[in-house]
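*Asks:* What follows is a structure written as structure tokens; I'll ask about it next.
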Amino acid sequence: MLAPRENPELLGHEKAEGELRRLAEARRLPHAILLSGARGIGKATLAFRLARFLFAVSARSESGLAVDPESGVSRRVASGGHADLLTIERAYDPRRRRLRSEIIVEDTRSIAGFFRLTSAEEGWRIVIVDGAEEMNRNAANALLKILEEPPRHGLLLFVSHNPGRLLPTVRSRCRHFVLQTLPQAVVLRLLQQYRPELAGSEAEALARLAEGSIGRAIELADAAGLTLYRSILGILAQVPGVEIAGLYALAEKLARPDEEEIYRASVELLLHVL
């Protein structure tokens with residue numbers, strides 16, 4: 001599955017795409033946009049799609065926000081090399097050798113300096129904050145001045161699966177687009193495209209379990225989700241006389257530090273069952 005900045009395709013969010021295009025063409029695009037919805041449904045993909053559309057005037061499609069994937073703009077966005085696009089997300093902590101648990105103020109302070117620079121291509125300067133709910137209070141507060149006095153041709157795109165965790169002062173200054181989960185048929189189509197090795201019955205079962213999220217469907221596929229699902233159902237069916245050996249075997253598998261995908265998939269499946 002392609003990363004959002006690389007992905008030229010988006011299914012299931014045509015209404016939001018159409019409205020964003022209408023606002024852009026009418027020159028009424030707000031300076032701050034919040035894209036929210038369940039995890040793994042294409043929010044970040046839509047954010048990068050809008051950025052490409054605003055950058056690539058000559059390579060646009062006739063409808064929606066699609067841009068020629070072979071265009072120079074698409075290639076620069078995909079590689080992270082577009083000078084007018086800045087992405088903010090949780091950064092790597094070299095001391096702990098893992099991603100930080102939150103977006104910190106040092107990350108968001110760079111946004112003000114970015115917007116002060118002149119556009120390299122005489123157009124938009126765009127910042128995408130992916131996982132905006134992960135900003136701590138100081139990081140969010142550092143954005144307030146920008147939101148109150150937005151730069152001309154500057155756009156802040158917030159991507160969040162939990163917008164309730166955003167500061168109200170940030171949330172209230174954004175135009176909010178709530179993206180819906182994907183139809184099961186769309187999840188199935190995408191799953192067959194990204195994981196063609198799956199048998200038809202497996203793909204259909206995973207699409208049902210994914211509850212409208214292609215991201216979740218991919219996670220389940222990569223973590224042997226159907227096998228996990230059957231194991232969990234088997235254990236729950238034994239309640240109250242659960243076989244301890246089987247329970248310990250599952251717990252031991254989930255506790256392995258190198259099995260994060262399986263752990264996350266198991267949590268998702270338990271929530272689905274319960």
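*Asks:* Between the range 78-133 and the range 162-193, how far is it from one alpha carbon centroid to the other, in angstrom?
*Replies:* Between the Cα centre of the range 78-133 and that of the range 162-193, the gap is 20 Å.
*Asks:* What is the spin-label model distance, in nm, from residue 144 to residue 96 if the labels are put 7 Å beyond Cα along the C-beta direction?
*Replies:* 2.6
*Asks:* Also, I was wondering about something else. Can you tell me the FRET efficiency between residue 117 and residue 70 if r is taken as the Cβ-Cβ distance and R0 is 45 Å, rounded to the nearest 0.05?
*Replies:* FRET efficiency, residue 117 to residue 70: 0.95.
*Asks:* Using the Cβ atoms and a cut-off under 14 Å, what net charge is assigned to the surroundings of residue 26, where Lys and Arg are +1 and Asp and Glu are -1?
*Replies:* Once all neighbours under 14 Å are counted, the net charge is +3.
*Asks:* Give me 107, 84 ranked fewest to most by other Cβ atoms within 10 Å of their Cβ, as a rough exposure proxy.
*Replies:* Fewest-to-most Cβ neighbours within 10 Å comes out as 107, 84.
*Asks:* On to the next question. How would you rank 121, 134, 148, going from fewest to most other Cβ atoms within 10 Å of each one's own Cβ?
*Replies:* Final ranking by Cβ density, sparse to dense: 148, 121, 134.
*Asks:* Viscosity 0.890 mPa s, temperature 25 °C: what is the translational diffusion coefficient of the range 1-93 from Stokes-Einstein with a Kirkwood Rh over Cα pairs, rounded to a whole number of µm²/s?
*Replies:* It comes out at roughly 177 µm²/s.
Every number here is computed from the coordinates shown, using simple stated rules; none is lab data. Since this is a predicted model, take the numbers as computed values, not measurements. We place every Cβ from the backbone using ideal geometry, glycine too, and count neighbours over all the protein chains shown.
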